[in-house]
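Heads up: the structure comes next, in structure tokens.
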Amino acid sequence: MPLLVEGRRVRLPQSAGDLVRAHPPLEERARLLRGQSVQQVGPQGLLYVQQRELAVTSPKDGSISILGSDDATTCHIVVLRHTGNGATCLTHCDGTDTRAEVPLIMSSIKSFSDHAQCGRLEVHLVGGFSDDRQLSQKLTHQLLSEFDRQEEDVHLVTLCVTELNDREENENHFPIIYGIAVNIKTAEIYRASFPDRGPEEVLRAARALTGGPMISIYDAETEQLRLGPYSWVPFPHADFWLQQDDKQILENLSTSPLAEPPHFVAHIRSTLMFLKKHPSPTSALFPGNKALLYKKNAGGLWEKLSSPGS
């Protein structure tokens, strides 16, 4: 069944701007979200989702209360929630393979769902801006089209993407919202930034930079974060890029050089240094070729488990 707004089928293709103008509640929701101040979210109870990762859990989770992601420029952050059982998925999409990713998002929520249960699926799309290469516009269209292609009804509740998330300064365009969080217990979605992006921030970034596909990183049943074991091919010319100045890295390794957050180049450099040290994942990264497992401790912070099943 189709993508719906206020119980009516969304007419596609059309731009995000045209879509919200046809549905005033969408426009109001986007305006309210843009107008919020950014909340800095601490690590307690947080599951931070990086690019090409998804995480899903429900209000029953005793460890995770917040899902969040940021640093989205041309990328979009997607939240899909079942209103009946509160199961919530958050993912950070970059347009690499949207056709495969949307069914993955849907199935992650279905794994929680009792089909006889009351409630509906609601989707929230945030991110992107009016970038020169129109990558944001393309991703917006892909996401709307793929959700419209799913068998289940999906109700579009928030659309704050591309031209709806754009500000102009000195004839250059920038996103207004770079990051959001969702409270699993209350379903509140709000603008957010995240000083702590762990665990294993650089390892996870390396997987994405080398072209890894969208993956699920959290097991809500065991309340464990599960990373790897990953494989990748050596990043081409890592030494060359590490020798370049910040301007070269920004212009060549970003989809939107002018709009990146201040820490972008430092993040890329640390990821390249990691890939130089680990051109292909080894037993040093994944002892025994087993996943790295993390669980929240009593203080709400991630703690590494000594071995699977611990």
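Quick notes on this structure:
- Tabulated pairs, the stretch 261-289, first within 15 Å of S231 (Cα to Cα), second among the hydroxyl-bearing types (S, T, Y) and open to solvent by less than 40 Å² (accessible area, probe 1.4 Å), C-beta under 8 angstrom, 6+ apart or interchain: L275/T210; P281/Y230; L285/Y230; F286/Y230
- Taking the criterion of being crowded, with 20+ Cβ neighbours inside 10 Å and either among the aromatic types (F, W, Y) or without any contact (Cβ under 8 Å) to a residue 60 or more places away in the chain (or both), the residues of the stretch 124-134 that qualify are L125, G127, G128, F129.
- Hits in the stretch 227-250 - residues which are surrounded by 15 or more Cβ atoms within 10 Å (Cβ to Cβ) and β-branched (V, I, T): I249
- Which numbered condition E188 fails, given (1) surrounded by fewer than 20 Cβ atoms within 10 Å (Cβ to Cβ); (2) at pLDDT 95 or above; (3) more than 30 Å from A30 (Cβ to Cβ); (4) not β-branched (V, I, T): (3)
- Those strands (runs of 3 or more DSSP E) of the stretch 157-227 in which at least 2 residues are within 23 Å of R133 (Cα to Cα), considering only elements entirely within it, cover 166-169, 172-175.
- Members of the stretch 105-119 found to be open to solvent by less than 20 Å² (accessible area, probe 1.4 Å) and polar (S, T, N, Q), listed by number: S108
- Filtering the stretch 234-291 to residues that are at positive phi and not small (G, A, S) leaves H237, N289.
- Pairing residues of the stretch 220-233 that are without any contact (Cβ under 8 Å) to a residue 60 or more places away in the chain with residues that are polar (S, T, N, Q) and assigned to a loop (DSSP other than H, G, I, E, B), at Cβ distances under 6 Å and at least 6 apart in sequence or on separate chains, gives W232/T210.
- Here G119 fulfils each of the conditions (1) touching a residue at least 60 places away in the same chain (Cβ under 8 Å); (2) over 11 Å from the mean Cα position of the chain (by Cα); (3) in a loop (DSSP other than H, G, I, E, B) apart from (1).
- Of everything in the stretch 251-301 that is open to solvent by 50 Å² or more (accessible area, probe 1.4 Å) and hydrophobic (A, V, I, L, M, F, W, C), the residue that is nearest to F235 (Cα to Cα) is M273.
- The set of residues in the stretch 146-185 being surrounded by fewer than 16 Cβ atoms within 10 Å (Cβ to Cβ), of a type in the set (S, T, N, Q) and in contact (Cβ under 8 Å) with a residue 24 or more places away in the chain consists of N172 alone.
The values are calculated or read from the model by the stated rules, or taken from the named source; none is laboratory data. Computed from a predicted structure; not experimentally measured. Glycine gets a Cβ as well: all are built from the backbone with ideal geometry, and neighbour counts include every protein chain shown. Each accessible area value is taken on the protein alone, full model and side chains, heavy atoms only, with ligands, DNA and RNA left out. Shrake-Rupley method; radii C 1.70, N 1.55, O 1.52, S 1.80 Å.
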